[in-house]
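Bear in mind these aren't lab numbers, they're just calculated from the coordinates by the rules spelled out. Every value quoted in this text rests on a predicted model; they were computed, and no experiment measured them. Don't worry about glycine lacking a Cβ; one is built from the backbone with ideal geometry, like all the others, and counts go over all protein chains shown.
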Amino acid sequence: MKTNKQTEDIRAIRDMMEKSSKFLSLNGLSIVFAGLFALLGIGYMYLYKEEYIAGYQLYPQMNTNLLLIALAILFLSAVTVSLFCLRKMKTNHIPLINKTLIRAAYNLLVPMIVGGMFGLIFFMKGDLWVTLSVTLIFYGLGLINTSKYTFREIHYLGIIEVVLGLIAAFDPLHGLVYWTLGFGFGHILWGIYLYMRYDFSKKRIS
Amino acid sequence: MPNIIAKLDKAFDSRVRLGIMSILLVNESADFNTMKNLMDLTDGNLASHLKALEGIEYIRSTKQFIGRKPNTKYTVTSLGSKAFKAHIEALDKLLK
């Protein structure tokens, strides 16, 4: 009798510590969508594969086309993930501006923006292979960085992205393959896992 | 066994107070509304527990204005964090 209350107490303490310090409004399904968008975009980029392989670089007139596709995919994914987050926050009565969201977003975005600019510079110089590798590496670092402030599982996705990015630098001819694995299948797998673990059985986070 | 039970702090008998202390220990500070939303409580309920904990100096409150809205921020005192840790230890021992 007595110990039952104490077990419950301990669980309540742990629950509240986690809930108050982490951003848990991420929805696994939205990450799956992000992965699917990435696959679509990368599929389109494959059309330019021949030119890319010829001399490791793109013809100038192709640049804007590829860049627009990549940015559109990034934007679409970000909007989808945000909308799913907003919905979950609304049902759980979590205010839009809250410390956990700001902390998680900051830790993800700083490496992403730095890496994005770094990649963009090389892209404009025509070295697409550097961009393919660097975006994976910095995105992975961002995930590792932010995993302390959201679902812990993100950490391992981050490690995989970094490793894929390094391999992509080593094997520049197949950069898009590593993008497909990292941004496409990585997100789909992790999204399904997070969805099954946290959203499918809704009891864990109410 | 009885002396372990004696170590359980009476101030933490309520689940709400445990929640308040947990939140304040992992976040250096938290405001009233954040705690209210996290624990899904009414204003009055949370306020009375906060007042009790403040009365025995386990937590401290600072009032400030964000824009025009008054905002009360709470932090845990060193006395409170010591007491809470002792309480968790006692709970742990009791379960073993």
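By count of other Cβ within 10 Å, fewest leading, how are B:M35, A:M112 ordered? Please report the intermediate quantities before stating the final value.
On the way: B:M35 22, A:M112 19.
Listed from fewest to most nearby Cβ atoms, that is A:M112, B:M35.
Mind computing the radius of gyration and Dmax over the alpha-carbon atoms of chain B? Å is fine for both.
For chain B, the Cα-based Rg and Dmax read 14.3, 53 Å.
Would you order B:R68, A:R14, A:R103 from fewest to most other beta-carbon atoms within 10 Å of each residue's own beta-carbon?
Working: B:R68 5, A:R14 12, A:R103 18.
So the ranking, lowest neighbour count to highest, is B:R68, A:R14, A:R103.
Report Rg(Cα)/(2.2 N^0.38 Å) for chain A, keeping two decimals. Write out the running numbers ahead of the final one.
Numbers: Rg = 19.4 Å, N = 206, 2.2 N^0.38 = 16.7 Å.
That ratio works out to 1.16.
Amide H neighbours of B:D13 under 5 Å, counting only residues 5+ apart in sequence or on other chains, H built in-plane at 1.01 Å?
none
What shape does the range A:131-202 take by its C-alpha gyration tensor, where a ≥ b ≥ c are the square roots of the eigenvalues and a/c under 1.5 counts as rounded, a/b above b/c as prolate, and the rest as oblate? Intermediate results must be reported in sequence, preceding the final value.
Details: a/c = 3.73, a/b = 1.83, b/c = 2.04.
Here the range A:131-202 falls in the oblate category.
Please list, ordered by chain and number, the residues whose modelled amide H lies under 5 Å from the amide H of B:I59; skip anything fewer than 5 residues away on the same chain.
Close amide H contacts, sequence-distant or interchain: B:E54, B:T77.
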